[in-house]
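All of the numbers you see were taken from the coordinates with simple rules; none came from a lab. Computed from a predicted model, the values in this text were never measured in an experiment. Counting neighbours? That spans all protein chains shown, and the Cβs are built from the backbone with ideal geometry, glycine included.
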Amino acid sequence: MYHCNASACSPWSDLTSTPLPGAVPVEEFPPHLYDRVVCELGKGHDGNCADRVGELSPEAQLWVLWDDSRFTYAVLRPCCMSDPTVDPVEREPCTLFAGHAPGHSWQFTDMLHG
């Protein structure tokens, strides 16, 4: 299974092209917040594309969802499913959100955002 990897210019990227007086320097923030969003879901998924922005707590992640030029922020629970074929000590949970389109993060064979 492959990632969707659809990308879009984030709605906030034009705001960073002109620094404002007294603004926090760009290097203090992750660069992906200012450039493009890239879909982390499985290739061919239905509905909105999704890119994880960050973790708010162990039970809440911030995601940006988009379709064409409409962007929405959502606080979503993590998926937490893990690969049952891996030794329980080695298992890592899926990095996507609960209820995501088919395909857990451990099932992708391509590099994320590649």
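Key figures
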| read-out | value |
| --- | --- |
| Simple label model, 7 Å out from Cα along Cβ direction - T72 to E55, nm | 2.6 |
| Cut-off 11 Å (backbone N to label point 7 Å along Cα→Cβ of A6), residues of the range 62-86 | 66-70 |
